[in-house]
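K.L.:
Have a look at this one.
The values are calculated or read from the model by the stated rules, or taken from the named source; none is laboratory data. Every value quoted in this text rests on a predicted model; they were computed, and no experiment measured them. Counting neighbours? That spans all protein chains shown, and the Cβs are built from the backbone with ideal geometry, glycine included. For the accessible areas, the whole protein counts, side chains as well, though only heavy atoms, and no ligand, DNA or RNA atoms are used. Shrake-Rupley method; radii C 1.70, N 1.55, O 1.52, S 1.80 Å.
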Amino acid sequence: MRGQPERILIPAAEIERRIRFMGAEIRAEYPGQTILLIGVLKGSAIFLADLARAITGPVRFDFIGASSYGSRTASSGEVRLTKDVDMPVAGADIIVVEDIVDTGTTLDFILGQLGRRGPRSMKVAALMDKPARHQRDVPIDYLGFTIPNEFVVGYGLDYAEDYRALPDVWVLGE
Ligand code: PRP
């Protein structure tokens, strides 16, 4: 049915397994260091909550908000900041946390914003990547799943603000 979750693309148990692996991978690269996770609102909130606990050890987190002007499909892709981080980024080891990379416009903009504030290191963790839709070259250092070009909801992702709290990732009906 149109606009409703139709089938599960990634079951919750698989997401959990993958995030546990990503957390261990991240911690291994920052032994003993405090990592500052910066989640991109709102979709990344649930992923960030699980990833932060999977990393174990010293982790801090904060959020940043961005929104695109006009249509998401527009290639002009103008983005503006709707909420800035509260914590200082200079000198910090930051990991930008995204639920999904679609065109790459949002991530490209946020990396530009944060990068010029002088973090000690800056990496990207994304739960899902849709390479078929990329319009920008964006680095993803830690990736959960590569997915096909389908509209997905659940685990933080919405359709008109609904379905964010679904534990699994679903494909929305045509
Ligand atoms: C989604 C997603 C990413 C962005 C990816 O956010 O969370 O931030 O779009 O798209 P892009 O690669 O084409 O820029 P959205 O703007 O839907 O806001 P939300 O997270 O609050 O749902």
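K.L.:
Counting just the residues of region 113-127 that are free of Cβ contacts under 8 Å to residues at least 60 places away in the same chain and within 13 Å of the ligand (Cβ to nearest atom), which one comes out farthest from the chain's Cα centre (by Cα)?
P.N.:
Val124
K.L.:
Going through region 56-71 one residue at a time, which ones are more than 11 Å from the ligand (Cβ to nearest atom) and within 18 Å of Tyr155 (Cβ to Cβ)?
P.N.:
Correct list: Phe61 only.
K.L.:
Which ones in region 1-24 are of a type outside the set (A, V, I, L, M, F, W, C), open to solvent by less than 60 Å² (accessible area, probe 1.4 Å) and in contact (Cβ under 8 Å) with a residue 40 or more places away in the chain?
P.N.:
Within region 1-24, Gly3, Pro5, Pro11 meet the criteria.
K.L.:
What number goes with the only condition from (1) in contact with a helix residue (DSSP H, G or I) (Cβ under 6 Å, 6 or more places away or on another chain); (2) farther than 17 Å from Gly43 by Cβ; (3) at pLDDT below 95 that Val89 does not pass?
P.N.:
Unmet for Val89, out of (1) in contact with a helix residue (DSSP H, G or I) (Cβ under 6 Å, 6 or more places away or on another chain); (2) farther than 17 Å from Gly43 by Cβ; (3) at pLDDT below 95: (3).
K.L.:
Restricting attention to region 44-57, which residues are touching a strand residue (DSSP E or B) at 6+ places or on another chain (Cβ under 7 Å) and open to solvent by 10 Å² or more (accessible area, probe 1.4 Å)?
P.N.:
Ala45, Ala52
K.L.:
Could you check region 90-109 and list, in sequence order, the residues that are of a type outside the set (A, V, I, L, M) and either at negative phi or near the ligand (Cβ under 10 Å from one of its atoms) (or both)?
P.N.:
Across region 90-109, the qualifying residues are Asp93, Glu98, Asp99, Asp102, Thr103, Gly104, Thr105, Thr106, Asp108, Phe109.
K.L.:
What is the one condition in (1) more than 8 Å from the ligand (Cβ to nearest atom); (2) at pLDDT below 95; (3) among the hydroxyl-bearing types (Ser, Thr, Tyr) that Thr146 does not satisfy?
P.N.:
Thr146 satisfies all of (1) more than 8 Å from the ligand (Cβ to nearest atom); (2) at pLDDT below 95; (3) among the hydroxyl-bearing types (Ser, Thr, Tyr) except (2).
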